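K.L.:
Provided herewith is a single structure, encoded as structure tokens, for subsequent inquiry.
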Amino acid sequence: MIWNEPMETMPLQDLKNLQSERLVKLARYVYDNCPVYKQKFETHGISPSDIRSLDDITKLPFTTKMDMRDNYPYGLFSLPRTQIVEIHVSTGTTGNPTLVGYTRDDVDLWGEVTARCLCCAGAKSDDIIQIAYGYGLFTGGLGFHYGAMKMGLTIIPTSSGQTKRQLKIMQDFKPRILCCTPSYCLYMAEECREMGIDPRSSSWNIGIFGAEPWSERMRAEIEQTWNMLAVDVYGLSEIIGPGVSQECTYKEGLHVFSDVFYPEIIDPETGKPVPDGQPGELVITTLTKQGIPLIRYRTRDIVSITHEPCRCGRTCPRTSKITGRTDDMIVVRGINVFPSQIEHVLLGIEGTQPHYQIVVDRLAHKLDEVEIMVEVDEKMFSDEIKQMKSLEHKIKKEIEAILSIGVTVKLVEPKTIQRSEGKAKRVIDKRQL
Ligand code: DLL
């Protein structure tokens, strides 16, 4: 089933005309309503009247996470705060998080695109869905909630965590659809076996997994372990949350809902477009959002794109799975972690050196583990064990407060962390995704 057939299967030329019309309006809208964009346009030497069709999009300046942070909290909004009905945040590097706001129509759009995702994954209107993405400031839970609500599914909003309860609910209520991070799904299989239940006998038939990178190998493992279809969903808070793109049951790329989120793939160094099929940075323009519309937002995620129509009948372009990032962000248990956040904490703690390394690992079917190795200065290292333990504890608490995930901290002797002549290697990712 296709949720919005006219939009999702529109002939390419009609789609381009619609995108053009929307882009022209958007350029005028942000210029008139958002002083930050007005300033950006002026610095760039363009005015809304220069934007006459989609072909003019490259004349527009990029928007970056830095623009959002610099104008925290409400500076990038195009409407007064009173028109905003919901706020979410995305974890950032140091300092302020990225705040995003939705008007009533934006929330409606969010439900529209996540309903498209659910249908794309094979959901039917009489299904029961278990939403085990976190509810709260994270966009995963509520994003899917709005789409499922629009479709009229029976929603079980379990949110993330409390695995035994998740599994009992699955057994008792028999939902056919599961939404959560792929790593959490694999973790649940472990618990399931421990409870004496064979995961292959579960009621889940379809899993919609995203918010973190995962590979074809992981897909095969999930599908085999749970006897379910596992499809990928992508999104980011700045754009809307989940609902930017979604794999259909053919699993040949993620359909970008490009009537509302216009994708470009660029060379991250030069900013120039790269041809279809070549990897580059995904840049998205929100064509119809009102509260905080973004022009040419640099996602930092690396993908390639194809405009070939899909066997499912959808004409919107498809990207590959996310194959990397252009910055040093890593995603751990669905949470974005920037090494600079850890550096920031260490800088404020006496006795530590700004030399550290983050080791991320995933032992078979377990959740990601994060160990942070921190060098301490000579004096601290020769001090009593008790003092070292208390420093370790302090660092752990401060980092956990910022990242919202549990970490292990290990203090190491001065000069033990390998120095680099170029970029310091801050992250050792041992996960075999
Ligand atoms: O992770 C939104 C989301 C929720 C997507 C639920 C899918 C499902 P943020 O917390 O702002 O938003 O993180 C966005 O996570 O730029 C990617 O680097 C990464 N990411 C999201 N989905 C995928 C995916 C949500 N399917 C950042 N594959 C993005 C790989 C993903 N990485």
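The values are calculated or read from the model by the stated rules, or taken from the named source; none is laboratory data. Being a predicted model, the structure only gives us computed values, none of them experimental. Please note: Cβ atoms are built from the backbone with ideal geometry, for glycine as well, and neighbour counts cover all protein chains shown.
K.L.:
Can you tell me which of GLY210, GLY161 is of a type outside the set (D, E, K, R) and either surrounded by 19 or more Cβ atoms within 10 Å (Cβ to Cβ) or away from the ligand (no atom under 16 Å from the Cβ) (or both)?
P.N.:
One residue alone meets the criteria, GLY210.
K.L.:
So, of the residues in region 180-195 that are within 14 Å of the ligand (Cβ to nearest atom) and touching a residue at least 60 places away in the same chain (Cβ under 8 Å), which turns out to be surrounded by the most Cβ atoms within 10 Å (Cβ to Cβ)?
P.N.:
Ranking the candidates gives SER183 first.
K.L.:
(1) part of a helix (DSSP H, G or I); (2) of a type in the set (A, V, I, L, M); (3) at pLDDT 95 or above: which one isn't true of LEU186, the others all being true?
P.N.:
Condition (3) is where LEU186 drops out.
K.L.:
Out of the residues in region 51-90 that are in a helix (DSSP H, G or I) and in contact (Cβ under 8 Å) with a residue 40 or more places away in the chain, which is nearest to ARG22 (Cα to Cα)?
P.N.:
LEU54
K.L.:
So HIS307 fits all but one of (1) farther than 30 Å from TYR250 by Cβ; (2) away from the ligand (no atom under 16 Å from the Cβ); what number is the exception?
P.N.:
Every condition holds for HIS307 apart from (1).
K.L.:
Could you please find all residues in region 219-249 being over 16 Å from LEU118 (Cβ atoms) and surrounded by fewer than 20 Cβ atoms within 10 Å (Cβ to Cβ)?
P.N.:
ALA220, GLU221, GLU223, GLN224, ASN227
K.L.:
Only residues that are under 28 Å from GLY134 (Cα atoms) and either assigned to a strand (DSSP E or B) or out of contact with any Ser or Thr (no Cβ under 8 Å at 6 or more places or on another chain) (or both): list them for region 344-356, please.
P.N.:
Of everything in region 344-356, just one residue is under 28 Å from GLY134 (Cα atoms) and either assigned to a strand (DSSP E or B) or out of contact with any Ser or Thr (no Cβ under 8 Å at 6 or more places or on another chain) (or both), namely VAL345.
K.L.:
Also, I was wondering about something else. Among the numbered criteria (1) assigned to a helix (DSSP H, G or I); (2) under 15 Å from the mean Cα position of the chain (by Cα), which one does TYR234 miss?
P.N.:
For TYR234, the failing item is (1).
K.L.:
What strands (runs of 3 or more DSSP E) completely inside region 274-336 contain at least 1 residues that are of a type in the set (Asp, Glu) and buried (at least 16 other Cβ atoms within 10 Å of the Cβ)?
P.N.:
In region 274-336, the matching strands (runs of 3 or more DSSP E) lie at 280-286, 297-303.
K.L.:
Would you mind telling me which numbered condition in (1) more than 11 Å from the ligand (Cβ to nearest atom); (2) touching a residue at least 40 places away in the same chain (Cβ under 8 Å) PRO242 fails?
P.N.:
Looking at each condition in turn, PRO242 falls short on (1).
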